[in-house]
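Throughout, read-outs are computed from the coordinates displayed, never taken from laboratory work. For clarity, every value in this text was computed on a predicted model and none was experimentally measured.
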Amino acid sequence: MSRPGFTICTCPDAQLIKDHIDAQLSANPAPDGQWQRHVYWGDEGLPPVFWENLTLQGLFATPKSLVVRNAQNLSTDDWKKLSQALGSFNPLAWPFLCLEVPFEKGKPKVVKAITGLKCWGFAEKKGWIWESAGLTPRDMRDFVTGWAARNTVSIPPQALQILAQNLTSDATAATRELEKLALAAGDNATITPELASEIAQETELDIFSFINALQTGNAPEKVWSKVVQGHATGEDGIFKFLAMLLREARILWQLLAGEQVFLPGNVKQNKERLASTMGRARIARIWDLALEAEKGIKTGERKPEQAMEMLVAGLIALFGSLKGSQQRPPHTSATYRR
């Protein structure tokens with residue numbers, strides 16, 4: 001047996017999990033033919049066909065990868081049954097148990113009822129558990145380089161630098177942006193610095209407009225509806241907004257510190273002025289507000305909509321002192337009760 005009998009993936013980012021599974025299946029070809037992927041959802045429980053695919057062998061069986069998304073939501077009974085079934089190796093079935101959970105203090109938040117099972121201890125001993133806390137700015141270069149290699153796209157160093165600084169830390173959104181860039185590159189299959197700068201400008205325009213509007217005390221209806229309301233529902237939307245907000249804060253901090261940031265000329269000048277006006281204390285406060293919102297959601301203290309509303313209120317208070325503005329977002333209650 002060269003490949004793992006089963007694999008446990010712990011990561012809050014579904015795209016990174018998908019990329020890891022793809023890499024594992026590519027590195028470990030099926031014994032006969034191709035791996036057929038079957039996806040199940042922990043929220044819905046494991047149907048009878050899953051157990052059939054997990055144990056079926058013989059002349060008419062085909063190799064299957066059995067991907068269980070949100071496996072942390074499986075019932076205790078399902079996990080106990082899984083632990084027992086995974087004790088037997090089936091060469092025609094490769095289960096991937098995906099726990100899409102947040103990390104805390106460098107470790108995934110997995111309940112004792114799961115980590116205490118025999119299958120977990122065995123996987124830990126064999127090295128069959130893959131852990132990733134998700135993308136960080138530090139990881140972005142490797143992520144982009146890996147994507148380019150898999151898709152035979154060329155990215156020169158300067159373009160890579162621009163992308164690493166501007167892509168969101170949500171791997172799904174980052175992948176979509178890279179796909180758009182590759183499409184724009186055409187037959188040349190090369191993402192030039194000019195192309196990367198144009199796309200980066202588009203992806204960050206909304207959040208920059210939002211921050212700039214707050215800073216000037218003039219947040220028009222179209223800014224609120226396009227930026228805030230567009231991310232106000234569901235955890236995915238909030239976390240994408242937080243990722244863009246923190247990326248913008250990082251760029252402002254780098255510009256204030258005199259570090260090199262690759263941006264189109266007019267955009268860079270505007271951001272340099274904004275960074276200078278804000279100063280270190282206000283830029284640093286953006287991190288505090290974003291982390292408060294994230295903590296509130298992940299601990300269950302606040303619903304995503306409540307966390308978003310409090311984040312926006314905090315940003316208004318932060319920037320309001322520049323112009324003495326006490327502006328509130330229009331139609332706040334209607335927006336967050338949808």
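Of all the C-alpha pairs in segment 118-157, what % are more than 16 Å from each other?
Working: 442 of 780 pairs.
For segment 118-157, the fraction of Cα-Cα distances above 16 Å is 57 percent.
Please label the shape of segment 1-57 as rounded, prolate or oblate, based on the square roots a ≥ b ≥ c of the eigenvalues of the alpha-carbon gyration tensor (a/c under 1.5 means rounded; beyond that, a/b larger than b/c means prolate, else oblate). Don't skip to the end; give the middle numbers.
Details: a/c = 1.93, a/b = 1.03, b/c = 1.88.
Because a/c hits 1.5 or more and a/b fails to exceed b/c, segment 1-57 counts as oblate.
In nm², what is the average projected area of the convex hull enclosing the Cα atoms of segment 1-124? Show your work: numbers first, answer last.
Working: hull surface 30.0 nm².
Averaging across all directions leaves 7.5 nm² for the Cα convex hull.
Please turn the phi angles of segment 84-93 into ³J(HN,Hα) values with the Karplus equation 6.51 cos²θ - 1.76 cosθ + 1.60 (θ = phi - 60°), one per residue in order, whole Hz, x for glycine and proline.
6, 5, 6, x, 10, 7, 10, x, 9, 9
Once the Cα gyration tensor of segment 77-185 is found, what semi-axes does its equivalent ellipsoid get, as square roots of 5 times the eigenvalues, in whole Å, sorted largest first?
Numbers: eigenvalues 263, 57, 26 Å².
The answer is 36, 17, 11 Å, longest axis first.
Starting from the amide H of LEU99, placed 1.01 Å from N in the peptide plane, find each other amide H under 5 Å away whose residue is 5 or more places distant or on another chain.
When sequence neighbours closer than 5 places are left aside, the close amide H contacts are CYS9, THR10, CYS11, ALA71.
Hey, what do the phi angles of segment 49-57 turn into as Karplus ³J(HN,Hα) couplings, whole Hz, using 6.51/-1.76/1.60 and θ = phi - 60°, x for Gly and Pro?
With the stated coefficients, segment 49-57 comes to 5, 4, 5, 5, 5, 5, 10, 5, 9 Hz.
If a/c stays under 1.5 just call it rounded; otherwise compare a/b with b/c (prolate if a/b is bigger, oblate if not). Do that for segment 128-184, with a ≥ b ≥ c from the square roots of the Cα gyration tensor eigenvalues. Could the numbers behind the result be given before it?
Values: a/c = 1.71, a/b = 1.52, b/c = 1.13.
Here segment 128-184 falls in the prolate category.
Provide the percentage of antiparallel DSSP beta bridges, counting only those with both residues in segment 14-160; round to the nearest 5.
15 percent
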